[in-house]
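See below for the structure under consideration.
The values are calculated or read from the model by the stated rules, or taken from the named source; none is laboratory data. Computed from a predicted structure; not experimentally measured. Virtual Cβ from ideal backbone geometry, glycine too; neighbours counted across all protein chains shown. Remember, those area values only see protein heavy atoms, side chains included, never the ligands or the DNA or RNA. Shrake-Rupley method; radii C 1.70, N 1.55, O 1.52, S 1.80 Å.
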Amino acid sequence: MKSLLEPQQGASGALSPRIIPRSEHPVSRQQISDAALKVLYRLNGAGFDAYLVGGCIRDALLGKMPKDFDVATNATPEQVRDLFRNSRLIGRRFRIVHVRFGREVIEVTTFRGKPQDEHGDHIAQQSDDGLLLRDNVWGNIEEDALRRDFTVNALYYNIADFTIHDFANGAQDIEARTLRLIGDPATRYREDPVRMLRAVRFAAKLDFTIDADTEAPMYDLAPLLLSIPPARLFDEVLKLFMSGHGLVTFRMLSHYGLFGMLFPEAEEAMADAAWAEDLIEKALANTDKRIAEDRPVTPAFLLAAFLWPPVAHRQAALESEGMPSIPALQAAAQQVVTRQLQHVSIPKRFGMPMRDIWELQGRLPLRRGKKAFQTREHPRFRAAYDLLLLREQSGEIPGGLGEWWNAFQTGDEHDQRRLLQKVGGDPAGQGDRRRKRRRKPRKSEG
């Protein structure tokens, strides 16, 4: 591995790309999916350059099994599409090709170059603040490497001879476990503010230290995230919190002032109530544990936990104005969601379950008659029960209700009757039966 770590410089003193032969790196074709190999070999057989690039090479050098495979080539998107009938062009801002093999998708990008004055807005466009609005200028591999975000992601595996091309000393940063942006950090963040989220995500996932120059502008430039479309930020939120490193990611985002750009009302609630941050951290710790144990997780629960503190805060305010509890909860939920959607979008497939989890927080204390059985049978009961436990553990509400529901859902019929009697309920549900109205005697028509 020695050649991986020794920087090479040209005659001018500038860093030169290093080509690492197969005998000096551990990346093997056995680690590469069959679908990715098919794409690489077909591009290469058609006369194009074909490289695996990015995270898969980084992870292989770290001794991890690569999962996602991205391909970089000098073929244009149209040429790639012509080679693969199972492909489609996507994106306007960055045009790429998705080649699908069953459930596996191989993302193929064309080498990107530096925009020039002669390129029209339909090819390359940048806002007055430096944000890249469109970037479809094709270039060579050297230019492409310098357009990538982090040095550890600018490593290219050549399928033609199995060498690794290192253009930014990425191998050295991998050994040092350092995350470093390529180019001037402030400029790169202005080009795409999401790079700040990616820096945190990679540092948390890989247990890397963010280089001092790379992290310095993040504190001041965090508000640039407000210019990113909410739909794109939702995709980033899934990557940040649903990959098994959510707790450390949350703490890093909070440290750099980034979490408040995604969930502003949650951050405000954490400043007002000590229990709010503890609840969110416990929810993230539980999610990380479930992912580590290969158990199912859903963004709906995590989003419900993130936004519950502001919902509870608004509900209390509405109740203080005289609104009944359940309508206050529903109104508070609507207000919180309306504001949240301006920052991070929440698709209905997650938004509706999230609202159900909140609504059940109002129903869980109501256990008389048939209500306890009806609540237990609700499709979101388990998630709502889990949130209830977090609320108790974080100190928002007193303990006891969670213990009662645990006993109710695990007990037999005798235990359930005893529990209902304890809270004054009617185990048989008699209190919910409608009384039969006694008919008045009909008057005689005689």
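Counting 0.36 nm for each residue step from residue 255 to residue 146 and taking away their Cα separation leaves a gain of 36.4 nm.
Taking the protein heavy atoms of the range 18-176 in the context of the full set of protein chains, the accessible area attributed to carbon and sulfur is 44 percent at 1.4 Å.
For the chain, the per residue solvent-accessible surface stands at 52 Å², with DNA, RNA and ligands left out and a 1.4 Å probe.
Picking from 155, 84, 73, whose Cα lies most toward the positive end of the charge dipole for the range 18-176 (charges on Cβ: Lys, Arg +1; Asp, Glu -1)? Toward the positive end, the furthest listed residue is 84. Which shape class, rounded, prolate or oblate, goes with the range 277-334 when its Cα gyration tensor gives a ≥ b ≥ c as root eigenvalues, a/c under 1.5 marks rounded, and past that a/b bigger than b/c marks prolate? Note, shape of the range 277-334 comes out prolate. Counting only protein heavy atoms and a probe of 1.4 Å, the accessible surface of the range 263-423 is 50% carbon and sulfur. Simple point charges give the picture: +1 on the Cβ of Lys and Arg, -1 on the Cβ of Asp and Glu, and for the range 18-176 a dipole about the Cα centre of about 760 debye. Working from Cα positions, state the angle (0 to 90°, nearest 10) between the long axis of helix 413-422 and the longest principal axis of the chain. The answer is roughly 70 degrees. Using a Gaussian network model of the chain in which every pair of alpha carbons under 10 angstrom is joined by a spring, one finds that among 71, 336, 297 the greatest mean-square fluctuation is at 297. Shape class of the range 18-176 from the Cα gyration tensor (axes a ≥ b ≥ c, square roots of the eigenvalues): oblate, since a/c reaches 1.5 or more and a/b does not exceed b/c. With a Förster radius of 35 Å applied to the beta-carbon distance between residue 41 and residue 227, the computed FRET efficiency rounds to 0.30.
The modelled label-to-label distance between residue 325 and residue 78, using points 7 Å beyond Cα along the C-beta direction, is 6.6 nm. Mean sequence separation of contacting Cα pairs (under 8 Å, at least six apart), scaled by the length of the chain, corresponds to a relative contact order of 10 percent.
Shown is the FRET efficiency for residue 374 and residue 290, computed with R0 = 25 Å from the Cβ-Cβ distance and rounded to the nearest 0.05: 0.40. Treating each Cα of the chain as an identical point scatterer and summing with the Debye formula, the log10 of I(q)/I(0) at q = 0.06 Å⁻¹ comes to -0.37.
Rounded to the nearest 20, the Cβ-based charge dipole of the chain about its Cα centre (Lys and Arg +1, Asp and Glu -1) stands at 3640 debye. In the elastic network of the chain, a GNM with C-alpha springs shorter than 10 Å, the most mobile of 75, 292, 231 is 292. By how many degrees, between 0 and 90 and to the nearest 10, does the Cα long axis of helix 381-394 differ from the longest principal axis of the chain? Value to nearest ten degrees: 90.
Separation of the range 359-394 and the range 234-291, taken as the distance between their Cα centroids, equals 24 angstrom.
Grab the other residues whose beta carbon is less than 15 angstrom from that of residue 256, score K and R as +1, D and E as -1, and report the net. Here the charged neighbours net out to -2. Distance between the pseudo-spin-label points of residue 415 and residue 65 (7 Å out from Cα toward the beta carbon): 3.9 nm. Distance cut-off 25 Å, Cα to Cα: go down the list 371/422; 67/282; 239/289; 38/64; 282/370 and report the pairs above it. In this structure, 67/282; 282/370 lie more than 25 Å apart at Cα. Given their separation in residues at 0.36 nm each and the Cα-Cα distance between them, residue 397 and residue 239 gain 53.8 nm when the chain is fully extended. To the nearest 10, the accessible area of residue 356 is 40 Å² with a 1.4 Å probe. Calculate how steeply helix 194-206 sits against the longest principal axis of the alpha-carbon atoms of the chain, using the helix alpha-carbon long axis, and give the answer as 0 to 90 degrees to the nearest 10. Taking Cα atoms only, the helix is inclined about 90 degrees. Label-to-label distance, residue 268 versus residue 101, with points set 7 angstrom from Cα along the beta-carbon direction: 5.0 nm. Here the range 263-423 is described by how far its Cα atoms reach on the three principal axes: 49, 46, 30 Å, from widest to narrowest. For the range 263-423, the dipole from Cβ point charges (+1 on Lys and Arg, -1 on Asp and Glu) about the Cα centre works out to 820 debye, to the nearest 20. Mind checking which aspartates and glutamates have their Cα closer than 13 Å to the Cα of residue 348? Skip sequence neighbours fewer than 8 apart in that chain. Counting by Cα, and skipping residues close in sequence, residue 348 has these aspartates and glutamates nearby: 356. Helices in the chain, meaning DSSP H runs of at least 4 residues, each add -39500 (n - 2.57). Divided by all residues, the mean residue ellipticity at 222 nm is -14500 deg cm²/dmol.
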